[in-house]
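Asker: One structure is given below, represented as C-alpha coordinates, and several questions about it will come after.
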Amino acid sequence: MQITVYPFNKVLRESMVIVPPPPTRFTLNEWYLNNRIRYRACLDQQQLADKILAECERGQGIIDEVTALNKREVDHRITEKISDIQFVKDDIVKQRKEVCIEIDNLTTYNERIIDAMNALREEALKICKKCIIFREGRVGIDLCHDDVERELIKEAEMIEASQAMLQRVLEQANEQIRRLRSTTYFMDRDLEDKDNVTKIDYQNMIINERSFNLSMYHGFTPLDPANITAEEWQQYTFKNLERAAKEINSARSLRAYVDTFLKQVIDDLWSQYHVVNEAFRRRIEEIKEAKTKLEVMHNETARQANEMTRNILKLEKSIVEKEGYMALAHTRLGRRAQRPGMELCRDLVETKLVNEVRELRENCFMLQQMLSEAQASLRYLLKTQIQLEEDINVKTNTLKIDEVDCMTLRQSMDYHAY
(Lines give C-alpha, C1' and ligand atoms only; values in the text may rest on other atoms or scores of the structure.)
Protein backbone atom coordinates (compact mmCIF):
# COMPACT_ATOMS: atom_id res chain seq x y z
CA MET A 1 0.00 0.00 0.00
CA GLN A 2 1.25 3.45 -1.06
CA ILE A 3 1.06 6.38 1.41
CA THR A 4 0.62 9.95 0.09
CA VAL A 5 2.52 12.63 1.98
CA TYR A 6 1.27 16.27 1.76
CA PRO A 7 3.61 19.18 2.46
CA PHE A 8 2.98 21.02 5.72
CA ASN A 9 3.10 24.52 4.36
CA LYS A 10 0.46 23.82 1.78
CA VAL A 11 -1.93 22.50 4.34
CA LEU A 12 -1.34 25.46 6.51
CA ARG A 13 -2.12 27.97 3.76
CA GLU A 14 -5.35 26.20 2.92
CA SER A 15 -6.52 26.38 6.47
CA MET A 16 -5.78 30.13 7.02
CA VAL A 17 -8.64 32.79 6.66
CA ILE A 18 -7.87 36.33 5.33
CA VAL A 19 -9.03 39.03 7.82
CA PRO A 20 -9.59 42.62 6.42
CA PRO A 21 -7.66 45.49 8.05
CA PRO A 22 -9.55 47.79 10.40
CA PRO A 23 -11.05 51.04 8.89
CA THR A 24 -9.11 54.23 9.03
CA ARG A 25 -9.81 56.40 11.94
CA PHE A 26 -10.08 60.17 11.41
CA THR A 27 -9.80 62.94 13.89
CA LEU A 28 -12.52 65.45 14.66
CA ASN A 29 -10.56 68.22 12.99
CA GLU A 30 -10.32 66.15 9.86
CA TRP A 31 -14.09 65.66 9.99
CA TYR A 32 -14.68 69.44 10.20
CA LEU A 33 -12.14 70.11 7.49
CA ASN A 34 -13.78 67.59 5.21
CA ASN A 35 -17.22 69.19 5.68
CA ARG A 36 -15.86 72.63 4.95
CA ILE A 37 -14.20 71.32 1.79
CA ARG A 38 -17.47 69.70 0.68
CA TYR A 39 -19.43 72.91 1.31
CA ARG A 40 -16.88 74.98 -0.50
CA ALA A 41 -16.89 72.61 -3.51
CA CYS A 42 -20.66 72.61 -3.63
CA LEU A 43 -20.82 76.40 -3.49
CA ASP A 44 -18.19 76.66 -6.20
CA GLN A 45 -20.11 74.27 -8.40
CA GLN A 46 -23.35 76.20 -7.80
CA GLN A 47 -21.69 79.51 -8.62
CA LEU A 48 -20.14 77.98 -11.73
CA ALA A 49 -23.52 76.58 -12.73
CA ASP A 50 -25.19 79.98 -12.21
CA LYS A 51 -22.47 81.61 -14.27
CA ILE A 52 -22.84 78.98 -17.00
CA LEU A 53 -26.60 79.41 -16.98
CA ALA A 54 -26.28 83.21 -17.29
CA GLU A 55 -23.63 82.81 -19.98
CA CYS A 56 -25.76 80.31 -21.85
CA GLU A 57 -28.81 82.57 -21.66
CA ARG A 58 -26.76 85.54 -22.86
CA GLY A 59 -25.07 83.53 -25.59
CA GLN A 60 -28.35 82.04 -26.67
CA GLY A 61 -29.84 85.53 -26.97
CA ILE A 62 -26.84 86.74 -28.93
CA ILE A 63 -26.90 83.66 -31.15
CA ASP A 64 -30.64 84.00 -31.73
CA GLU A 65 -30.16 87.65 -32.62
CA VAL A 66 -27.22 86.85 -34.90
CA THR A 67 -29.17 84.00 -36.46
CA ALA A 68 -32.18 86.23 -37.12
CA LEU A 69 -29.89 88.97 -38.40
CA ASN A 70 -28.10 86.51 -40.71
CA LYS A 71 -31.44 85.24 -41.99
CA ARG A 72 -32.64 88.78 -42.65
CA GLU A 73 -29.32 89.55 -44.34
CA VAL A 74 -29.56 86.40 -46.46
CA ASP A 75 -33.18 87.20 -47.37
CA HIS A 76 -32.11 90.72 -48.31
CA ARG A 77 -29.20 89.40 -50.35
CA ILE A 78 -31.47 86.91 -52.09
CA THR A 79 -33.91 89.73 -52.90
CA GLU A 80 -31.04 91.84 -54.20
CA LYS A 81 -29.73 88.92 -56.19
CA ILE A 82 -33.13 88.31 -57.74
CA SER A 83 -33.39 92.03 -58.59
CA ASP A 84 -29.87 92.05 -60.03
CA ILE A 85 -30.57 88.94 -62.10
CA GLN A 86 -33.85 90.43 -63.31
CA PHE A 87 -32.08 93.65 -64.27
CA VAL A 88 -29.38 91.71 -66.12
CA LYS A 89 -32.04 89.53 -67.77
CA ASP A 90 -33.82 92.65 -68.99
CA ASP A 91 -30.55 93.89 -70.49
CA ILE A 92 -29.91 90.51 -72.10
CA VAL A 93 -33.47 90.31 -73.48
CA LYS A 94 -33.16 93.83 -74.85
CA GLN A 95 -29.80 93.06 -76.42
CA ARG A 96 -31.09 89.74 -77.74
CA LYS A 97 -34.01 91.53 -79.38
CA GLU A 98 -31.59 93.88 -81.14
CA VAL A 99 -29.49 90.90 -82.24
CA CYS A 100 -32.58 89.18 -83.66
CA ILE A 101 -33.52 92.40 -85.47
CA GLU A 102 -30.02 92.54 -86.98
CA ILE A 103 -30.30 88.87 -88.00
CA ASP A 104 -33.58 89.64 -89.79
CA ASN A 105 -32.05 92.75 -91.39
CA LEU A 106 -29.00 90.84 -92.58
CA THR A 107 -31.23 88.06 -93.90
CA THR A 108 -33.10 90.69 -95.91
CA TYR A 109 -29.78 92.09 -97.17
CA ASN A 110 -28.73 88.56 -98.13
CA GLU A 111 -31.89 88.27 -100.21
CA ARG A 112 -31.05 91.61 -101.84
CA ILE A 113 -27.56 90.40 -102.69
CA ILE A 114 -28.88 87.09 -104.04
CA ASP A 115 -31.50 88.91 -106.13
CA ALA A 116 -28.84 91.24 -107.52
CA MET A 117 -26.57 88.27 -108.35
CA ASN A 118 -29.42 86.41 -110.04
CA ALA A 119 -30.39 89.52 -112.03
CA LEU A 120 -26.81 90.00 -113.18
CA ARG A 121 -26.39 86.34 -114.07
CA GLU A 122 -29.80 85.66 -115.60
CA GLU A 123 -30.40 88.99 -117.34
CA ALA A 124 -27.48 91.37 -117.76
CA LEU A 125 -24.73 88.81 -118.40
CA LYS A 126 -26.89 86.75 -120.75
CA ILE A 127 -27.89 89.85 -122.73
CA CYS A 128 -24.28 91.01 -122.91
CA LYS A 129 -23.06 87.60 -124.12
CA LYS A 130 -25.95 87.37 -126.60
CA CYS A 131 -24.87 90.71 -128.05
CA ILE A 132 -21.32 89.40 -128.37
CA ILE A 133 -22.64 86.25 -130.06
CA PHE A 134 -24.91 88.29 -132.35
CA ARG A 135 -21.97 90.43 -133.41
CA GLU A 136 -20.09 87.28 -134.35
CA GLY A 137 -22.64 87.11 -137.16
CA ARG A 138 -21.00 90.08 -138.87
CA VAL A 139 -19.28 89.16 -142.12
CA GLY A 140 -16.44 90.45 -144.19
CA ILE A 141 -14.55 93.54 -143.20
CA ASP A 142 -17.18 94.44 -140.61
CA LEU A 143 -16.09 91.50 -138.46
CA CYS A 144 -13.54 93.69 -136.72
CA HIS A 145 -12.50 94.27 -133.10
CA ASP A 146 -14.12 97.68 -132.79
CA ASP A 147 -14.95 99.87 -129.78
CA VAL A 148 -18.34 98.20 -129.38
CA GLU A 149 -16.80 94.77 -129.01
CA ARG A 150 -14.16 96.04 -126.59
CA GLU A 151 -16.79 97.77 -124.46
CA LEU A 152 -19.09 94.72 -124.57
CA ILE A 153 -16.25 92.46 -123.41
CA LYS A 154 -15.42 95.00 -120.70
CA GLU A 155 -19.08 95.08 -119.64
CA ALA A 156 -19.21 91.27 -119.43
CA GLU A 157 -16.01 91.26 -117.36
CA MET A 158 -17.45 93.96 -115.07
CA ILE A 159 -20.64 91.94 -114.57
CA GLU A 160 -18.66 88.79 -113.74
CA ALA A 161 -16.37 90.75 -111.40
CA SER A 162 -19.43 92.29 -109.73
CA GLN A 163 -20.89 88.82 -109.24
CA ALA A 164 -17.63 87.64 -107.64
CA MET A 165 -17.56 90.64 -105.30
CA LEU A 166 -21.24 90.16 -104.43
CA GLN A 167 -20.48 86.52 -103.64
CA ARG A 168 -17.72 87.58 -101.24
CA VAL A 169 -20.04 90.12 -99.60
CA LEU A 170 -22.71 87.40 -99.33
CA GLU A 171 -20.21 85.13 -97.57
CA GLN A 172 -19.34 87.96 -95.17
CA ALA A 173 -23.04 88.51 -94.45
CA ASN A 174 -23.57 84.77 -93.84
CA GLU A 175 -20.59 84.72 -91.50
CA GLN A 176 -21.96 87.74 -89.63
CA ILE A 177 -25.35 86.04 -89.31
CA ARG A 178 -23.60 82.96 -87.95
CA ARG A 179 -21.77 85.08 -85.36
CA LEU A 180 -25.01 86.79 -84.38
CA ARG A 181 -26.75 83.45 -83.98
CA SER A 182 -23.83 82.24 -81.87
CA THR A 183 -24.30 85.32 -79.70
CA THR A 184 -28.01 84.55 -79.29
CA TYR A 185 -27.11 80.96 -78.35
CA PHE A 186 -24.86 82.10 -75.50
CA MET A 187 -27.41 84.69 -74.40
CA ASP A 188 -30.17 82.07 -74.42
CA ARG A 189 -28.04 79.79 -72.29
CA ASP A 190 -27.30 82.67 -69.94
CA LEU A 191 -31.01 83.53 -69.75
CA GLU A 192 -31.91 79.91 -69.09
CA ASP A 193 -29.33 79.68 -66.30
CA LYS A 194 -30.53 82.94 -64.79
CA ASP A 195 -34.15 81.75 -64.96
CA ASN A 196 -33.18 78.62 -63.06
CA VAL A 197 -31.23 80.66 -60.52
CA THR A 198 -34.19 83.01 -60.12
CA LYS A 199 -36.50 80.06 -59.43
CA ILE A 200 -34.05 78.59 -56.93
CA ASP A 201 -33.53 81.89 -55.10
CA TYR A 202 -37.24 82.62 -55.12
CA GLN A 203 -37.92 79.24 -53.50
CA ASN A 204 -35.15 79.96 -50.97
CA MET A 205 -36.69 83.33 -50.21
CA ILE A 206 -40.18 82.04 -49.45
CA ILE A 207 -39.13 79.24 -47.09
CA ASN A 208 -38.26 79.77 -43.41
CA GLU A 209 -37.03 77.77 -40.41
CA ARG A 210 -40.54 76.45 -39.70
CA SER A 211 -41.18 75.26 -43.26
CA PHE A 212 -41.72 71.60 -44.01
CA ASN A 213 -39.34 69.43 -46.05
CA LEU A 214 -36.25 70.99 -44.48
CA SER A 215 -33.29 68.67 -44.24
CA MET A 216 -29.83 68.51 -42.74
CA TYR A 217 -26.98 67.54 -45.03
CA HIS A 218 -24.52 64.96 -43.69
CA GLY A 219 -22.67 64.17 -46.91
CA PHE A 220 -18.94 64.13 -47.49
CA THR A 221 -18.93 66.67 -50.39
CA PRO A 222 -19.16 70.34 -49.41
CA LEU A 223 -22.48 72.14 -49.58
CA ASP A 224 -20.73 75.16 -51.12
CA PRO A 225 -19.25 73.85 -54.41
CA ALA A 226 -19.26 77.29 -56.07
CA ASN A 227 -15.81 78.19 -57.40
CA ILE A 228 -16.79 81.25 -59.46
CA THR A 229 -16.56 84.68 -57.90
CA ALA A 230 -19.23 87.36 -58.18
CA GLU A 231 -16.81 89.43 -60.27
CA GLU A 232 -16.38 86.54 -62.69
CA TRP A 233 -20.15 86.09 -62.83
CA GLN A 234 -20.64 89.78 -63.67
CA GLN A 235 -17.75 89.65 -66.14
CA TYR A 236 -19.30 86.65 -67.94
CA THR A 237 -22.60 88.45 -68.47
CA PHE A 238 -20.80 91.66 -69.35
CA LYS A 239 -18.72 89.83 -71.95
CA ASN A 240 -21.87 88.35 -73.49
CA LEU A 241 -23.49 91.79 -73.66
CA GLU A 242 -20.28 93.36 -74.94
CA ARG A 243 -19.91 90.67 -77.58
CA ALA A 244 -23.53 91.14 -78.64
CA ALA A 245 -23.05 94.92 -78.88
CA LYS A 246 -19.89 94.39 -80.91
CA GLU A 247 -21.61 92.00 -83.31
CA ILE A 248 -24.57 94.39 -83.64
CA ASN A 249 -22.20 97.23 -84.57
CA SER A 250 -20.42 94.94 -87.02
CA ALA A 251 -23.76 93.95 -88.57
CA ARG A 252 -24.82 97.57 -88.91
CA SER A 253 -21.47 98.49 -90.46
CA LEU A 254 -21.80 95.55 -92.84
CA ARG A 255 -25.32 96.64 -93.84
CA ALA A 256 -24.07 100.18 -94.51
CA TYR A 257 -21.22 98.70 -96.56
CA VAL A 258 -23.66 96.52 -98.52
CA ASP A 259 -25.82 99.58 -99.29
CA THR A 260 -22.79 101.54 -100.48
CA PHE A 261 -21.35 98.57 -102.35
CA LEU A 262 -24.60 97.75 -104.16
CA LYS A 263 -25.06 101.40 -105.12
CA GLN A 264 -21.46 101.61 -106.38
CA VAL A 265 -21.79 98.38 -108.37
CA ILE A 266 -25.08 99.47 -109.94
CA ASP A 267 -23.69 102.94 -110.73
CA ASP A 268 -20.61 101.41 -112.36
CA LEU A 269 -22.72 98.99 -114.40
CA TRP A 270 -25.08 101.79 -115.49
CA SER A 271 -22.06 103.87 -116.47
CA GLN A 272 -20.65 101.01 -118.54
CA TYR A 273 -24.13 100.38 -119.98
CA HIS A 274 -24.25 103.96 -121.26
CA VAL A 275 -20.68 103.69 -122.56
CA VAL A 276 -21.63 100.57 -124.54
CA ASN A 277 -24.77 102.21 -125.88
CA GLU A 278 -22.77 105.29 -126.88
CA ALA A 279 -20.26 103.04 -128.66
CA PHE A 280 -23.16 101.32 -130.43
CA ARG A 281 -24.59 104.72 -131.41
CA ARG A 282 -21.29 105.92 -132.83
CA ARG A 283 -20.69 102.64 -134.62
CA ILE A 284 -24.20 102.63 -136.08
CA GLU A 285 -23.72 106.19 -137.33
CA GLU A 286 -20.37 105.24 -138.86
CA ILE A 287 -21.92 102.20 -140.55
CA LYS A 288 -24.87 104.22 -141.81
CA GLU A 289 -22.53 106.91 -143.13
CA ALA A 290 -20.33 104.28 -144.81
CA LYS A 291 -23.41 102.55 -146.22
CA THR A 292 -24.73 105.85 -147.59
CA LYS A 293 -21.39 106.58 -149.23
CA LEU A 294 -21.28 103.08 -150.67
CA GLU A 295 -24.80 103.47 -152.02
CA VAL A 296 -23.87 106.81 -153.61
CA MET A 297 -20.76 105.24 -155.10
CA HIS A 298 -22.80 102.27 -156.22
CA ASN A 299 -25.26 104.53 -158.00
CA GLU A 300 -22.42 106.47 -159.59
CA THR A 301 -20.67 103.25 -160.60
CA ALA A 302 -23.90 101.89 -162.08
CA ARG A 303 -24.38 105.14 -163.97
CA GLN A 304 -20.82 105.00 -165.28
CA ALA A 305 -21.25 101.33 -166.19
CA ASN A 306 -24.37 102.21 -168.19
CA GLU A 307 -22.54 105.04 -169.90
CA MET A 308 -19.59 102.76 -170.58
CA THR A 309 -21.95 100.17 -172.05
CA ARG A 310 -23.40 102.81 -174.33
CA ASN A 311 -19.86 103.96 -175.20
CA ILE A 312 -18.86 100.41 -176.09
CA LEU A 313 -21.87 100.13 -178.34
CA LYS A 314 -20.90 103.39 -180.02
CA LEU A 315 -17.31 102.21 -180.44
CA GLU A 316 -18.44 98.89 -181.88
CA LYS A 317 -20.79 100.72 -184.21
CA SER A 318 -18.00 103.11 -185.18
CA ILE A 319 -15.64 100.21 -185.81
CA VAL A 320 -18.26 98.54 -187.97
CA GLU A 321 -18.76 101.77 -189.90
CA LYS A 322 -14.99 102.18 -190.32
CA GLU A 323 -14.79 98.64 -191.61
CA GLY A 324 -17.30 99.72 -194.28
CA TYR A 325 -15.11 102.64 -195.20
CA MET A 326 -12.09 100.34 -195.20
CA ALA A 327 -13.87 97.91 -197.49
CA LEU A 328 -14.84 100.81 -199.78
CA ALA A 329 -11.26 102.06 -199.95
CA HIS A 330 -9.94 98.55 -200.58
CA THR A 331 -12.50 98.00 -203.31
CA ARG A 332 -11.54 101.25 -204.96
CA LEU A 333 -7.84 100.44 -204.78
CA GLY A 334 -8.54 96.96 -206.18
CA ARG A 335 -10.43 98.30 -209.08
CA ARG A 336 -7.83 101.02 -209.83
CA ALA A 337 -5.17 98.29 -209.74
CA GLN A 338 -6.82 96.99 -212.94
CA ARG A 339 -5.97 100.14 -214.88
CA PRO A 340 -4.12 99.35 -218.13
CA GLY A 341 -0.60 100.49 -219.20
CA MET A 342 0.49 103.93 -218.29
CA GLU A 343 -2.78 104.64 -216.60
CA LEU A 344 -1.59 102.52 -213.66
CA CYS A 345 0.22 105.48 -212.12
CA ARG A 346 0.44 106.78 -208.54
CA ASP A 347 -1.72 109.76 -209.02
CA LEU A 348 -3.40 111.87 -206.36
CA VAL A 349 -6.37 109.55 -206.24
CA GLU A 350 -4.08 106.61 -205.59
CA THR A 351 -2.17 108.52 -202.97
CA LYS A 352 -5.31 109.68 -201.30
CA LEU A 353 -6.78 106.18 -201.27
CA VAL A 354 -3.56 104.77 -199.82
CA ASN A 355 -3.53 107.47 -197.17
CA GLU A 356 -7.22 106.85 -196.49
CA VAL A 357 -6.60 103.11 -196.03
CA ARG A 358 -3.65 103.83 -193.70
CA GLU A 359 -5.62 106.33 -191.68
CA LEU A 360 -8.63 104.00 -191.55
CA ARG A 361 -6.35 101.19 -190.34
CA GLU A 362 -4.85 103.46 -187.68
CA ASN A 363 -8.26 104.72 -186.69
CA CYS A 364 -9.66 101.21 -186.43
CA PHE A 365 -6.68 100.22 -184.32
CA MET A 366 -7.29 103.21 -182.09
CA LEU A 367 -10.99 102.38 -181.90
CA GLN A 368 -10.10 98.76 -181.03
CA GLN A 369 -7.80 99.99 -178.28
CA MET A 370 -10.50 102.33 -176.96
CA LEU A 371 -13.00 99.47 -177.19
CA SER A 372 -10.65 97.19 -175.24
CA GLU A 373 -10.08 99.89 -172.62
CA ALA A 374 -13.82 100.55 -172.45
CA GLN A 375 -14.59 96.86 -172.10
CA ALA A 376 -11.89 96.50 -169.39
CA SER A 377 -13.24 99.57 -167.61
CA LEU A 378 -16.74 98.14 -167.84
CA ARG A 379 -15.55 94.88 -166.34
CA TYR A 380 -13.85 96.78 -163.51
CA LEU A 381 -16.92 98.93 -163.05
CA LEU A 382 -19.17 95.88 -162.88
CA LYS A 383 -16.76 94.19 -160.51
CA THR A 384 -16.66 97.33 -158.38
CA GLN A 385 -20.43 97.48 -158.50
CA ILE A 386 -20.65 93.91 -157.29
CA GLN A 387 -18.13 94.64 -154.54
CA LEU A 388 -20.08 97.71 -153.55
CA GLU A 389 -23.28 95.68 -153.45
CA GLU A 390 -21.52 93.10 -151.26
CA ASP A 391 -20.21 95.86 -149.00
CA ILE A 392 -23.68 97.39 -148.82
CA ASN A 393 -25.10 94.00 -147.90
CA VAL A 394 -22.39 93.61 -145.25
CA LYS A 395 -23.23 97.04 -143.83
CA THR A 396 -26.94 96.21 -143.94
CA ASN A 397 -26.29 92.98 -142.04
CA THR A 398 -24.14 94.82 -139.49
CA LEU A 399 -26.81 97.50 -139.05
CA LYS A 400 -29.42 94.80 -138.48
CA ILE A 401 -27.23 93.14 -135.84
CA ASP A 402 -26.22 96.32 -134.02
CA GLU A 403 -29.28 98.51 -134.38
CA VAL A 404 -32.09 95.94 -134.43
CA ASP A 405 -30.86 92.86 -132.59
CA CYS A 406 -28.41 94.21 -130.02
CA MET A 407 -29.96 97.59 -129.22
CA THR A 408 -33.46 96.12 -128.98
CA LEU A 409 -32.15 93.41 -126.67
CA ARG A 410 -30.21 95.90 -124.54
CA GLN A 411 -33.34 97.95 -123.91
CA SER A 412 -34.49 95.19 -121.55
CA MET A 413 -31.37 95.52 -119.37
CA ASP A 414 -32.15 96.95 -115.95
CA TYR A 415 -29.82 97.50 -113.02
CA HIS A 416 -31.14 98.35 -109.57
CA ALA A 417 -30.03 97.77 -106.00
CA TYR A 418 -33.12 95.78 -104.99
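Asker: Identify all residues within the range 160-219 that are outside any helix (DSSP H, G or I) and surrounded by 10 or more Cβ atoms within 10 Å (Cβ to Cβ); write none if there are none.
Answerer: Result: ILE207, single match.
Asker: Which ones in the range 404-418 are modelled with pLDDT of 90 or more and either acidic (Asp, Glu) or more than 47 Å from the chain's Cα centre (by Cα) (or both)?
Answerer: Within the range 404-418, just ASP405 meets the criteria.
Asker: Among the residues of the range 256-302 satisfying the criterion of being open to solvent by 30 Å² or more (accessible area, probe 1.4 Å) and aromatic (Phe, Trp, Tyr), which is farthest from CYS131 (Cα to Cα)?
Answerer: TYR257
Asker: Which of (1) surrounded by fewer than 15 Cβ atoms within 10 Å (Cβ to Cβ); (2) within 60 Å of the chain's Cα centre (by Cα) is the odd one out, the single condition GLU359 does not satisfy?
Answerer: Unmet condition: (2).
Asker: Scanning for something of a type in the set (Val, Ile, Thr), open to solvent by 50 Å² or more (accessible area, probe 1.4 Å) and under 30 Å from ASP147 (Cβ atoms), does the range 369-384 turn up at least one residue?
Answerer: yes
Asker: Name the one entry in GLU390, GLU373 that is charged (D, E, K, R), touching a Gly at 6+ places or on another chain (Cβ under 8 Å) and modelled with pLDDT of 90 or more.
Answerer: Going through GLU390, GLU373 in turn, just one is charged (D, E, K, R), touching a Gly at 6+ places or on another chain (Cβ under 8 Å) and modelled with pLDDT of 90 or more: GLU390.
Asker: Would you be able to say whether some residue in the range 355-363 is acidic (Asp, Glu), out of contact with any Lys or Arg (no Cβ under 8 Å at 6 or more places or on another chain), part of a helix (DSSP H, G or I) and at pLDDT 85 or above? Steps first, answer last, please.
Answerer: Looking only at the range 355-363, we keep the residues that are acidic (Asp, Glu), and these are 356, 359, 362.
If we keep only those that are out of contact with any Lys or Arg (no Cβ under 8 Å at 6 or more places or on another chain) as well, we get 356, 359, 362.
Those left that are additionally part of a helix (DSSP H, G or I): 356, 359, 362.
Now restrict to residues that are at pLDDT 85 or above: 359, 362.
Yes, some residue in the range 355-363 is acidic (Asp, Glu), out of contact with any Lys or Arg (no Cβ under 8 Å at 6 or more places or on another chain), part of a helix (DSSP H, G or I) and at pLDDT 85 or above.
Asker: Follow-up. Within the range 303-344, take every residue that is hydroxyl-bearing (Ser, Thr, Tyr) and open to solvent by less than 90 Å² (accessible area, probe 1.4 Å) and give me the one that is farthest from GLN387 (Cα to Cα). If you could, list the steps in order and put the result at the bottom.
Answerer: Just the residues of the range 303-344 that are hydroxyl-bearing (Ser, Thr, Tyr), to begin with: 309, 318, 325, 331.
Next cut, open to solvent by less than 90 Å² (accessible area, probe 1.4 Å) only: 309, 318, 331.
Numbers: THR309: 19, SER318: 32, THR331: 49 Å.
Among those residues, the one meeting the criterion is THR331.
Asker: Pick from GLU73, GLU80, GLU65, GLU55: which is without any contact (Cβ under 8 Å) to a residue 12 or more places away in the chain and under 15 Å from ASN208 (Cα atoms)?
Answerer: GLU73
Asker: Here's another thing I want to ask about it. Taking the criterion of being surrounded by 13 or more Cβ atoms within 10 Å (Cβ to Cβ), in contact with a Lys or Arg (Cβ under 8 Å, 6 or more places away or on another chain), within 27 Å of ASP188 (Cα to Cα) and at pLDDT below 90, would at least one residue in the range 98-119 satisfy it?
Answerer: no
Asker: A follow-up question, please. With respect to ILE312, is the statement that it is assigned to a helix (DSSP H, G or I), out of contact with any Gly (no Cβ under 9 Å at 6 or more places or on another chain), modelled with pLDDT of 90 or more and within 30 Å of ILE132 (Cα to Cα) true?
Answerer: So ILE312 does not fit the description; no.
The values are calculated or read from the model by the stated rules, or taken from the named source; none is laboratory data. Quick caveat, the model's predicted, so the values are computed rather than measured. Using ideal geometry, Cβ is built from the backbone for each residue, glycine included, and neighbour counts are taken over all protein chains shown. We work out accessible area using only protein heavy atoms, side chains counted, and drop any ligands, DNA or RNA first. Shrake-Rupley method; radii C 1.70, N 1.55, O 1.52, S 1.80 Å.
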